[in-house]
1. In vacuo Debye scattering of region 86-154, one point per C-alpha: log10 I(q)/I(0) at q = 0.18, 0.27 Å⁻¹?
2. For every helix of n ≥ 4 consecutive DSSP H residues, a contribution of -39,500 (n - 2.57) applies; sum these over the chain, divide by its total residues, and give [θ] at 222 nm rounded to the nearest 500 deg cm²/dmol.
3. Within a Cβ distance under 11 Å of Ala46, other residues only, what is the Lys/Arg minus Asp/Glu net charge?
4. Exactly which trypsin sites (Lys or Arg not before Pro) in region 96-155 are in a DSSP loop and have at most 14 other Cβ atoms within 10 Å?
5. Please report the Cα spread of region 1-104 along all three principal axes, rounded to whole Å, starting with the longest.
6. Of all beta bridges DSSP finds with both residues in region 1-149, what is the antiparallel percent, to the nearest 5?
7. Based on the alpha-carbon set only, what is the convex hull volume of region 29-155 divided per residue, in Å³?
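What follows draws every value from the coordinates through simple rules; no lab data is involved. Please read these numbers as outputs of a predicted model, since none were measured by experiment. Cβ placement follows ideal geometry from the backbone for every residue including glycine, while neighbour counts extend to all protein chains displayed.
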Amino acid sequence: MAFTLNVNGASHVIDEEEDIPLLYVLRDTLRLNGAKYGCGVGQCGACTVLRDGVPVRSCVVPAVSLQGREVTTVEGLRAPDGTLHALQRAFLAEQAGQCAYCIPGMILSAAGLLRRKPSPTEANIRTALDANLCRCGSHNRIVRAVQRAAAELAE
């Protein structure tokens with residue numbers, strides 16, 4: 001079945017089965033490898049992308065269901081001038097990633113939070129990222145990175 005997806009501002013004609021998860025289209029067809037396969041059941045957050053600015057788990061969302069929607073991956077998250085987004089810069093500055101497997105999902109979940117709530121409290125940040133798992137224990141640095149990015153974006 002052929003359908004069209006808008007990913008990171010570009011339109012792509014996809015010819016796949018209608019039940020194929022978005023994650024597989026992103027990684028295997030479009031070669032966008034930021035979203036990671038973690039659990040395959042939407043529980044870990046490694047595959048998080050933005051659908052119209054809202055975080056979703058790409059491993060459980062059928063790609064065909066996103067026709068007419070804007071999908072943003074970590075590769076497409078950019079500042080208005082095309083440089084790294086404030087969240088990406090903050091994660092680097094805070095050394096928030098150890099193995100970094102969870103970081104794309106963390107960054108996109110944080111982007112969704114900052115879109116809804118530009119000045120989040122620490123509790124807001126922890127709640128927004130609660131469903132994103134990090135085995136390395138970098139949670140405190142991740143929270144600091146989101147706080148740093150929020151402060152930069154508020155300037």
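1. The calculated log intensity ratios at q = 0.18, 0.27 Å⁻¹ are -0.54, -1.30.
2. It comes out at -9000 deg cm²/dmol, rounded to the nearest 500.
3. +3
4. For trypsin sites (Lys or Arg not before Pro) across region 96-155 that sit outside H, G, I, E and B with at most 14 neighbouring Cβ atoms in 10 Å, the list reads Arg135.
5. Taking the Cα atoms of region 1-104, the three principal extents are 44, 32, 22 Å.
6. 90
7. Output value, Cα hull per residue: 107 Å³.
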